[in-house]
Amino acid sequence: MPHCYVCDEVFASSFLSTLEHHEPQIRQLAETYRQEYQLPPISDNVARVCRTCIRILISDNRNSSDSEYIQWKVPRPRNSVLCCVCGRGPVGVVQLNDTARVQIYVDTDIYIGPLARVCWTHMDGEFLQPEEYNNLKIVHRPVHLVGAEVGLFLQNLREQALKKEVIEEKHLTNDDFVTVTSLSKSHFLELFTYCDPVPDGDRHRTVKKKDLLTFLRKMRQGLSDEFLRILFGYSTRQAVSLAVSMMRRSLMLRFVPTRVRRDYSDGVHSASCHFVCKRTVQSESHKEESNCNY
Ligand SMILES: [Zn+2]
Ligand SMILES: [Zn+2]
């Protein structure tokens, strides 16, 4: 089956047109996009392009000379009901919120439009997990921002700029991780894969990497909730208390039972996991004995 030269999807021949029949600028743009999508050179010298790609090429070629459009790094175009990171969906896919879109722009210089959707499994609370940034397939395209989106985006950027400096996982080096949590960054990320949503009434409450950092910091040094609130940027002391409690419950669901059954004989990794396991169980018993409000 023939492939589209630009998006590399397979199509019936009737959905493809020969690239040679289009203007030189369109052919050049198709070449540029193919390179940006990091597709290998093709041996077939009769390159063909699908209807969707040709529509995009024609409009992008026209818009690139329009001063109302900005040439920006954006995720490669996909069906809007699919995840803009991995292309899966529409089941398990949610709309990417405005705060997350601005955070991605601040961290990566990639602009994601207001209708973009992502798998909820790529999210860490309200933000896209930084590990997913590298999975975004990027292309430089002309983008036109309408007034409402400009206002919203600038407002979110302002809020981001005014935010107090707090400890965030994505800004910590490996050494910082060991200092803050007693775990290396890779062990921390592995531990987070065990942090399942916690049943809470008739719904499940997800836990974030920030909650795990806070929990480990508390386990390691027993800092007060008020101090942790300032350190990690929680809104109230009660929010810290809730986050620590949810994280403890989450770890007790799967991590602790799994780890307790294991033999801790494989060196540093086990030792660090053993530390978390032991402290989680201790904090759980302490909570039950004294009804203390972490
Ligand atoms: Zn295509
Ligand atoms: Zn996805």
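Amide H of ARG88 versus every other amide H placed in the peptide plane: which residues, excluding those fewer than 5 positions away on the same chain, fall under 5 Å? Residues meeting the criterion, in which the H sits 1.01 Å from N, are CYS83. Our analysis of the stretch 1-65 gives Rg over Rh at 0.93, with the two radii drawn from alpha carbon positions and Rh computed by the Kirkwood formula. The relative contact order of the stretch 1-65, computed from alpha carbon pairs under 8 Å that lie at least 6 residues apart in sequence, is 43 percent.
The long axis of helix 24-36 is offset from the longest Cα principal axis of the chain by roughly 20 degrees. Highest average first, the peptides 244-256, 147-159, 50-62 ordered by how many other beta carbon atoms sit within 10 Å of their residues are 244-256, 50-62, 147-159. Of all beta bridges DSSP finds with both residues in the chain, what is the antiparallel percent, to the nearest 5? Looking only at bridges with both residues in the chain, the antiparallel portion is about 95 percent. Seen against the Cα atoms of the chain and their longest principal axis, helix 268-290 is set at about 60 degrees.
Helical runs (DSSP H, four residues minimum) scored at -39500 (n - 2.57) apiece and divided by the length of the chain put the mean residue ellipticity at 222 nm at -14500 deg cm²/dmol.
Rounded to whole numbers, the Karplus 3J(HN,Hα) couplings from phi for the stretch 210-223 are 4, 5, 5, 4, 4, 4, 5, 5, 5, 5, 6, 10, x, 5 Hz, using 6.51 cos²θ - 1.76 cosθ + 1.60 with θ = phi - 60°, and x at Gly and Pro. Here the spin labels are modelled as points 7 Å beyond Cα on the Cα-Cβ line, and at LEU39 and VAL10 they lie 1.5 nm apart. For the chain, the relative contact order is 12 percent, taking Cα pairs closer than 8 Å that sit 6 or more residues apart in sequence and dividing their mean separation by the residue count. Residues whose amide H lies under 5 Å from that of ARG205, counting only those 5 or more places away or on a different chain, are VAL198, ASP200; hydrogens are built 1.01 Å from N in the peptide plane.
What the Kirkwood sum gives for the stretch 1-124 is a hydrodynamic radius of 16.1 Å, with every pair of different alpha carbons counted. Take the Cα radius of gyration of the stretch 66-163 and divide it by 2.2 N^0.38 Å, N being the number of residues; the result is 1.04. Name the residue farthest towards the positive end of the dipole of the chain from the options PHE255, PRO114, SER14, assuming +1 on Cβ of Lys and Arg, -1 on Cβ of Asp and Glu, about the Cα centre. Toward the positive end, the furthest listed residue is PHE255.
Look at where the Cα atoms of the stretch 73-136 and of the stretch 1-64 average out, and the two centres are 25 Å apart.
As an exercise, find the ratio Rg/Rh for the chain from alpha-carbon atoms, using the Kirkwood inverse-distance average for Rh. Present the calculation step by step, with values, prior to reporting the outcome.
Working: Rg = 24.0 Å, Rh = 22.3 Å.
Over the Cα atoms of the chain, Rg/Rh equals 1.08.
All of the numbers you see were taken from the coordinates with simple rules; none came from a lab. For clarity, every value in this text was computed on a predicted model and none was experimentally measured. Backbone-built Cβ (ideal geometry, glycine too); neighbour counts: all protein chains shown.
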